Amino acid sequence: MLNSGISNIKVFACNSNKTLANAIADKLGLKLGDCEVEKFSDGEISVKINETIRGADVFIIQSTSYPVNDNLMELLIMIDAMKRASAARITAVMPYYGYARQDRKARARDPISAKLVANILTSAGASRVLTMDLHCAQIQGFFDIPVDNLVGSPLLTDFYIKKFGDSLERDFVAVSPDLGSVTRVRKFAEKLNIPIAIIDKRRPKANVSEVMNIIGDVKGKRAVIVDDLVDTAGTLCNGAKAIIEGGGATEVYACATHGVLSGPAIERIEQSVIKELVLLDTIALPEKKKIPKITMVPVGPVFAEAIE
């Protein structure tokens, strides 16, 4: 697969997702660049690049997932090291872009952290950013450098087509976990040629648990909840319960691009009515979080294609 266009490309990885970095490099027919990203005893990050990168087109693979601040600093210091070593172009490959949920002022005096991170990446010396399924597409406008926002949905739809085949159109309905995700879910449903439903959450008054209404028909159907990320899995698991108890669905599946899975997420998923949660491997899944209900789909080929 090695071709003239790729001869000047070098792929490096920080510590957040070495497995994905190796998969991308393999697909490109390259070896991962030789570098060391470690910590001093006080927690400061140390980066050493052990090969020449002068004039090279460099790609640094790093998801800014947990521990978010360590992973972000690793990426920034690596970009700075590359810039000072005269790389021709530096692309920050961030399969998962952290801080993306703080993308507007929801209350007075709120920060817009997604914009701040965009500024810092640019100041550090990134020439462009390659990411997947930003929490909202407008974040691309926070950057003064090019941003390629890849779409994870085709990998998820392909997974379901292979798994369920012809029964999809007969039995399935795609469900949006909230009103904000409807556009994403509609695209997913169109690809599978299935109807959509929406979970409408309302809190009647403060400290009263939210009531979930299902807009659309899920009765007697198998539902797939589609989201961009799963964090503590509270919304996801409550939504799945409402689809079965309130909507009368027979089974609930779920899929998302990013498995943040923090706090009680794994416990909630194990105890939930969800039959299977499909995630892309933009964030590495630690051994202790690998449970039978979670299926990982590789994104390496998509990123390799985009780099090439």
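The values are calculated or read from the model by the stated rules, or taken from the named source; none is laboratory data. Every value quoted in this text rests on a predicted model; they were computed, and no experiment measured them. Note: ideal-geometry Cβ built from the backbone for every residue, glycine included; neighbour counts use all protein chains shown. Protein only, heavy atoms only, side chains kept; ligands, DNA and RNA dropped before computing areas. Shrake-Rupley method; radii C 1.70, N 1.55, O 1.52, S 1.80 Å.
Percentage of Cα-Cα pair distances in the chain greater than 35 Å, rounded to whole percent? List each step's numbers first, then the result.
On the way: 11610 of 47278 pairs.
Here the long-distance tail beyond 35 Å is 25 percent of all Cα pairs in the chain.
The alpha-carbon atoms of segment 234-308, seen along their principal axes, cover 47, 25, 19 angstrom, with the largest extent given first. Of all lysines in the structure, the ones whose alpha carbon falls short of 19 Å from that of LYS10, not counting any fewer than 8 places away in one chain, are LYS18, LYS27, LYS31, LYS48, LYS83.
For segment 154-284, the direction-averaged projected area of the alpha-carbon convex hull comes to 7.9 nm².
With the convex hull drawn over the C-alpha atoms of segment 11-128, the volume per residue is 111 Å³.
At a 1.4 Å probe, what is the % contribution of carbon and sulfur to the accessible area of the chain? Working shown, then result.
Working: 7380 of 14950 Å².
On the chain, the fraction of accessible area on carbon and sulfur atoms equals 49 percent.
Under 20 Å of direct C-alpha separation, and excluding same-chain neighbours fewer than eight residues apart, LYS293 reaches these aspartates and glutamates: ASP158, ASP227, ASP228, ASP231, GLU251, GLU267, GLU270, GLU276, ASP281.
Order of 156-166, 176-186 by packing, highest average Cβ count within 10 Å first?
Values: 156-166: 14.4, 176-186: 16.5.
The most tightly packed comes first, giving 176-186, 156-166.
Around ALA249, with a cut-off of 15 angstrom between Cβ atoms, what is the net charge of the other residues, counting Lys and Arg +1 and Asp and Glu -1?
On the way: positive: ARG170, LYS219, LYS221, ARG222, LYS241, LYS275; negative: ASP171, ASP217, GLU245, GLU251, GLU276.
Residues close to ALA249 contribute a combined charge of +1.
Taking a quarter of the surface of the convex hull around the Cα atoms of segment 54-188, what do you get in nm²? Write out the running numbers ahead of the final one.
Values: hull surface 41.6 nm².
Taking the Cα atoms of segment 54-188, their convex hull projects to 10.4 nm² on average.
Put simply, the C-alpha atoms of segment 93-153 give a gyration tensor, and the ellipsoid matching it has half-axes of 19, 15, 8 Å, longest first. For segment 91-221, the antiparallel share of DSSP beta bridges with both residues in that region comes to about 30%.
Below 8 Å, C-alpha to C-alpha, sequence gap of six or more: please give me the relative contact order for the chain in percent. Worked out over the chain, it gives 14 percent. For the chain, modelled as a GNM whose springs connect Cα atoms under 10 angstrom apart, the maximal fluctuation among PRO195, PRO298, PRO67 occurs at PRO67. Amide H contacts of ALA13: GLY33, ILE61, each under 5 Å away and 5 or more positions distant or on a separate chain (H built 1.01 Å from N in the peptide plane; Pro and chain starts excluded). Other residues with beta-carbon under 15 Å from the beta-carbon of ALA304 carry, at +1 per Lys or Arg and -1 per Asp or Glu, a net charge of -3.
Size of segment 125-208: Rg and Dmax of its alpha carbons, in Å, are 17.0, 51. A 1.4 Å probe run over the protein chains yields, for the chain, 49 Å² of accessible area per residue, whole-number rounding.
Summary value for segment 117-214: 18 percent relative contact order, contacts being C-alpha pairs under 8 angstrom separated by 6+ residues.
Nearest 5 percent is fine: what portion of the DSSP beta bridges confined to segment 150-274 is antiparallel?
Numbers: 5 of 21 bridges.
Antiparallel bridges: around 25 percent, rounded to the nearest 5.
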